[in-house]
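Just below is one structure, and these are the notes that go with it.
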There are 2 protein chains.
Amino acid sequence: MQQMMDKLKGVTRKVRPLGLARYENSAEHSWQIAMLAAALVSYAEATVDINRVIGMLLVHDIGEIDTGDTMVFVEGGWEERKAAELAAVKRIFGLLPESRGIAFLELWQEFEDASTPESLFAHAVDRAMPVLLNLSNEGQSWRENGISYERVVGRIAPEIEAGCPALWKYLEGRLEEVRKKGWFDAVKCD
Amino acid sequence: MQQMMDKLKGVTRKVRPLGLARYENSAEHSWQIAMLAAALVSYAEATVDINRVIGMLLVHDIGEIDTGDTMVFVEGGWEERKAAELAAVKRIFGLLPESRGIAFLELWQEFEDASTPESLFAHAVDRAMPVLLNLSNEGQSWRENGISYERVVGRIAPEIEAGCPALWKYLEGRLEEVRKKGWFDAVKCD
């Protein structure tokens, strides 16, 4: 089981950790968003059980062990990827003692369903993290992947606003600021 | 604050993730031991609040942002390092809203004090993780750093046995097995 989980350290994302040349991986990302959620819990849209939020964030990317990470801006194929991730987490959590496997799967499913206050807040934090890194990284992953300002805002605003409105208000201002600085100027309209 | 936390991704440890050439970093390690703790909670020596265990494991290495990681087998200088880590976490958690900063510092301190059932279990899991990786990695970090069988067992047995006796029983058997296979043969006595 631990050999399987270790593979999440090898699933790379599109953002680079600040000051490092390599890409971020999904294991360290999962740690970071758990910490961010704990730090921001008082700003959640509703009162949330932070322990369940952290649990969801720690397991939510484990399906990527089989499927790899897909950038949030990729369109199409979403349902197929989610079905593949579900098959993956069933396989991987199935390696655990049964009650633990079920508990992890329930957390994973709650995150996917995105209907409880906890899962909405967890989604807001998950969406916000790469934005915060990009804001400290001169928009590195947006630039490298040709993502426009409109595409960033369109994709992340609804989820962040739903789960953590104060965080969206902050990010909205920061995004507008860097747009004016020209961070998105080289990106073609899309 | 998130810029500061991001630096934990750049703190390297001595173990390499399975199948990867690079060294593990303390952020992904923190994620992995939180998952391991959740998976093994029914084997803890005492009944524990798993949420507090996870909280401790997520924050316990944050002081390394200022101090770097030190291999558990390094002798001497322990107290100085711990004092430096305390100064570091006070500085870093001080960047958070006050109540959050205090909550993180309390978790960090509970782990350091190692006197509650939760912190004893957390220590057991933290100690066991690199052993599990080494057992899947032909003893990579032991070999690279000239760590003998006696030194591994002497350093980890008390803590793992105190917090999670069943885990120690399992590891004791596995370590004896790989010792017989000669994994430690090239290491000089120390």
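The values are calculated or read from the model by the stated rules, or taken from the named source; none is laboratory data. All values reported here derive from a predicted model rather than from experimental measurement. Note: ideal-geometry Cβ built from the backbone for every residue, glycine included; neighbour counts use all protein chains shown. With ligands, DNA and RNA removed, areas are computed over all heavy atoms of the protein, side chains included. Shrake-Rupley method; radii C 1.70, N 1.55, O 1.52, S 1.80 Å.
Going through B:150, B:144, B:138 one at a time, which residue ends up being farther than 30 Å from residue A:39 by Cβ, within 14 Å of chain A (Cβ to nearest Cβ) and over 17 Å from the mean Cα position of the chain (by Cα)?
Values: B:150 fails: within 14 Å of chain A (Cβ to nearest Cβ); B:144 fails: within 14 Å of chain A (Cβ to nearest Cβ).
Of the residues listed, the single one that is farther than 30 Å from residue A:39 by Cβ, within 14 Å of chain A (Cβ to nearest Cβ) and over 17 Å from the mean Cα position of the chain (by Cα) is B:138.
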Test: residue in the stretch A:28-35 that is modelled with pLDDT of 95 or more and more than 12 Å from the chain's Cα centre (by Cα): yes
Filtered residue count, the stretch B:2-25, keeping only those that are free of Cβ contacts under 8 Å to residues at least 12 places away in the same chain, among the polar types (S, T, N, Q) and either open to solvent by less than 40 Å² (accessible area, probe 1.4 Å) or more than 8 Å from chain A (Cβ to nearest Cβ) (or both): 1
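Could you check the stretch A:40-143 for helices (runs of 4 or more DSSP H) lying wholly inside it with 3 or more residues that are out of contact with any Gly (no Cβ under 8 Å at 6 or more places or on another chain) and modelled with pLDDT under 95? Spell out the reasoning first.
Values: elements: A:50-59, A:64-67, A:78-93, A:98-113, A:117-135.
Fully inside the stretch A:40-143 and qualifying: A:64-67, A:78-93, A:98-113.
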Top-ranked residue in the stretch A:144-157 [being assigned to a loop (DSSP other than H, G, I, E, B) and of a type in the set (Gly, Ala, Ser); ranked as nearest to residue A:179 (Cα to Cα)]: A:148
Selection from the stretch B:58-85 of residues that are open to solvent by 50 Å² or more (accessible area, probe 1.4 Å), of a type in the set (A, V, I, L, M, F, W, C) and either touching a Ser or Thr at 6+ places or on another chain (Cβ under 9 Å) or closer than 23 Å to residue B:34 by Cβ (or both): B:78
Test: residue in the stretch B:166-176 that is outside any helix (DSSP H, G or I), in contact with a helix residue (DSSP H, G or I) (Cβ under 6 Å, 6 or more places away or on another chain) and touching a residue at least 60 places away in the same chain (Cβ under 8 Å): no
Flag if residue B:28 is in a helix (DSSP H, G or I) and either in contact with a helix residue (DSSP H, G or I) (Cβ under 6 Å, 6 or more places away or on another chain) or crowded, with 16+ Cβ neighbours inside 10 Å (or both): yes
Flag for residue B:108 being open to solvent by less than 60 Å² (accessible area, probe 1.4 Å) and facing chain A (nearest Cβ under 10 Å): no
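Residue A:53 - would you say it is β-branched (Val, Ile, Thr) and more than 8 Å from chain B (Cβ to nearest Cβ)?
Numbers: β-branched (Val, Ile, Thr): yes; more than 8 Å from chain B (Cβ to nearest Cβ): yes.
In short, yes.
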Qualifying residue in the stretch A:111-119 (condition: more than 18 Å from residue A:6 (Cα to Cα), of a type in the set (D, E, K, R) and within 14 Å of another protein chain (Cβ to nearest Cβ)): yes
Scan of the stretch A:128-143 for residues that are under 15 Å from residue A:177 (Cα atoms) and among the small types (Gly, Ala, Ser), ordered by number: A:136, A:139
Filtered residues of the stretch A:31-48 (kept if open to solvent by 10 Å² or more (accessible area, probe 1.4 Å) and of a type outside the set (Gly, Ala, Ser)): A:40, A:41, A:43, A:45, A:47, A:48
Flag for residue B:40 being more than 25 Å from residue A:60 (Cβ to Cβ) and within 12 Å of chain A (Cβ to nearest Cβ): no
Neighbours by Cβ (under 9 Å, 6+ apart or cross-chain): first from the stretch B:73-84, under 18 Å from residue B:60 (Cα atoms); second open to solvent by less than 100 Å² (accessible area, probe 1.4 Å) and acidic (Asp, Glu): B:82/B:112; B:84/B:66
